[in-house]
Amino acid sequence: MTALENTSPAARGRRRWRRLNASMLVGGALVALVVLAALVSFVWTPHDAVHVDAAHRLAPALSDGYLLGTDKFGRDVASQLLVGARTTLFVGIVAVGVAALVGTPLGVLAGMAGGWLSEIVMRANDLLFAFPALLLAIMLGAVFGASTLTAMIAIGVATIPAFARVARGQTLGVMHTEYVLAARAAGRSRLAIALRHVLPNIASILIVQASVSFAIAILAEAALSFLGFGTPPPTPSWGRMLQESQELLFSTPRLAFLPGLAIALAVLGFNLFGDGLRDWLDPKLREHR
Amino acid sequence: MTHVPDTAVATGPVLTVDDLGVQVGPVNLVQGVGFTIGSGERLGLIGESGSGKSLTALALMGLLPEGLRASGSIRLRGVPDDLLGTGERRLAKVRGRTVSMVFQEPMTALNPVMRVGDQVAEVMLLHGTRNSRAEAAAAAVDLLDRVRLPDPRAMARAFPHQLSGGQRQRVMLAIALANDPALLICDEPTTALDVTVQAQMLDLIGELAAERNTALLFITHDLAVVATVCQRVLVMYGGRVVETGDVYDVFTTPRHRYTEGLIAASDLSVVDGRGRLRTIPGAVPNGGEFPDGCVFRTRCPAATTRCERTPEWSGPPGHGFACWHPVGEDR
């Protein structure tokens, strides 16, 4: 019974803590930074993020009480970055939520059912996959008007195939395991097998997919805002901050560098966090670290 | 409808299998298999790998892999319909309740992300044999104790990867017996285990089955295991039953040439002139490549042209063989 000696809750807790790996810690810190920025922006920003201070346009950093200076309209960059974090998180959550909630059940269904049903789902998936995400977002933006919500839903819909594919592939693997056969031998229904056996066993892969998709969604929103199809002014968005600084790239590189850095760190953070989370969630890796 | 066999009222065999066949496309993998198992009876099913033992078991459970079809008739006491042709939904109510199964490979037969106790409790909640989660959880710990796992409370909280192969197989047995099934199918339950653990496991299966009066269908290629556990034995080769009878009779006076070969091959005290153990010459053909007539004739030392016709069954259904040139009869 050596394997079971340390199963007291305290021992388990200690082990769990020890296993927290570097990528999860660094990723978690970056993600926490973005979340913190978004939360803080609700109650406090150095200045009003959308207030135009015409007298202090393009103020350099640390001047006139502007920590990171102002942009070409005289808005505070630090405040815009804080409020922009909200948009970023909001976009990521909704887009990944749409993709995961639609894509995962479709993928599990296709993986469990097989046959013509699986074919229909996966071919429809291919069709959507072949359709450029940006074009979809621009089309939706043209029809429903450019807004953060339109952009998020467009990004989410375009990400559905990624989830459906991963979910189907993993489900196929799980359906061929002996424990699913044993579960069927114990009389478990298809739905019970899907919920109790398939989903928990493919969850770790889906979480990684979610973190990667989250990062991609942040980039996509920035790209859409940059193109003018994402978050409309005056709502601050990191993507649009980049766009507005385009013409000043050589004279005031700070304006492009700061939102660019924010985007890069957020994307990096979610990727690292997802990677670490996968290892942490895998019960098979729990004892061997 | 009720699936609970009332042992006080119901009589006759627990399981009646008649002319069971398994086909993939036009190819017969299992053919004409028929047998019965009485209440509390222990039937062994032996044969080499590829003889159709496991397919027979999966067909009984209605769990054949996609693309394989079963034919014939499978009747379970307490279930009004023939299991073949019963829909998945109704079959699911029978599985794990009236008939359950222990698989060969304990390392992969448990869900890796569910705690062991939850997996035992789930099968009881599923069939409504316990009323609440708490009751099922307590029953699960009790069952883990019954299969002689040390510290059952800690075991119930453990994940499968924390258990050894033998411990996992005990958990599988606990799951299989959780709802007191009338029939337990064991598909090589000890093959993947250490020899020292095998004997304990066999004793445990025998003991628990006896005290619940559970009928046992025990699939193995190990003749010694059959001799230990079972009362009757069914010898399969090439997807057909070639001989059946009481374990003692079949093992001491085999009639079919295949049975004779199997027994000779398992006798470790008999060696040939070069000091090598005896074997059955040749190898089991792939499914669908067995010869017409007697399936064993390509490897049989006694085969003649007569064997090109399918041998008739000699003897009553529960005791007999299918061979043109049985052991002890001159050609």
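The values are calculated or read from the model by the stated rules, or taken from the named source; none is laboratory data. On a predicted model such as this, the values are computed, not experimentally measured, just so you know. Every residue, glycine as well, gets a Cβ built from its backbone with ideal geometry; the counts of neighbours run over all protein chains shown.
The residue list B:GLY282, B:GLY261 contains one member that is in the same structural domain as B:LEU20 (by TED's automatic domain parsing), over 29 Å from B:SER100 (Cβ atoms) and part of a helix (DSSP H, G or I), which is B:GLY261.
Within the range A:239-250, residues that are under 17 Å from A:ALA85 (Cβ atoms) sit with their Cβ atoms under 7 Å from residues that are of a type in the set (Ser, Thr, Tyr) and not in a loop (DSSP other than H, G, I, E, B), at 6+ positions apart or across chains, in these pairs: A:GLY239/A:SER225; A:ARG240/A:SER225.
Determine whether A:ALA183 is away from chain B (no Cβ under 14 Å), at pLDDT 85 or above and part of a helix (DSSP H, G or I).
no
Taking the range B:58-89 as the range and being loosely packed, with under 15 Cβ neighbours inside 10 Å, within 14 Å of another protein chain (Cβ to nearest Cβ) and more than 19 Å from the chain's Cα centre (by Cα) as the test, the residues that pass are B:GLU66, B:GLY67, B:GLY87, B:GLU88, B:ARG89.
Across the range B:184-204, the qualifying residues are those that are within 12 Å of chain A (Cβ to nearest Cβ) and over 16 Å from B:LEU110 (Cα atoms), and the one among them that is farthest from the chain's Cα centre (by Cα) is B:LEU184.
From the list A:ALA194, A:ALA217, pick out the single residue that is farther than 28 Å from B:GLY96 by Cβ and crowded, with 19+ Cβ neighbours inside 10 Å.
Exactly one of A:ALA194, A:ALA217 is farther than 28 Å from B:GLY96 by Cβ and crowded, with 19+ Cβ neighbours inside 10 Å, namely A:ALA217.
Picking from residues in the range A:151-181 that are buried (at least 21 other Cβ atoms within 10 Å of the Cβ) and in contact with a Gly (Cβ under 6 Å, 6 or more places away or on another chain), the one that is farthest from B:MET114 (Cα to Cα) is A:ALA151. Residues that are part of a loop (DSSP other than H, G, I, E, B), more than 9 Å from every other protein chain (Cβ to nearest Cβ) and either polar (S, T, N, Q) or surrounded by fewer than 23 Cβ atoms within 10 Å (Cβ to Cβ) (or both): does the range B:158-180 have at least one? Within the range B:158-180, one or more residues are part of a loop (DSSP other than H, G, I, E, B), more than 9 Å from every other protein chain (Cβ to nearest Cβ) and either polar (S, T, N, Q) or surrounded by fewer than 23 Cβ atoms within 10 Å (Cβ to Cβ) (or both). Would you check if B:LEU217 is touching a strand residue (DSSP E or B) at 6+ places or on another chain (Cβ under 7 Å), among the aliphatic types (A, V, I, L, M) and free of Cβ contacts under 8 Å to residues at least 60 places away in the same chain? No: the conditions fail for B:LEU217. Here B:THR190, B:THR196, B:THR253 are screened, and the one residue that is of a type in the set (S, T, N, Q) and either farther than 29 Å from B:MET101 by Cα or in contact with a Lys or Arg (Cβ under 9 Å, 6 or more places away or on another chain) (or both) is B:THR253.
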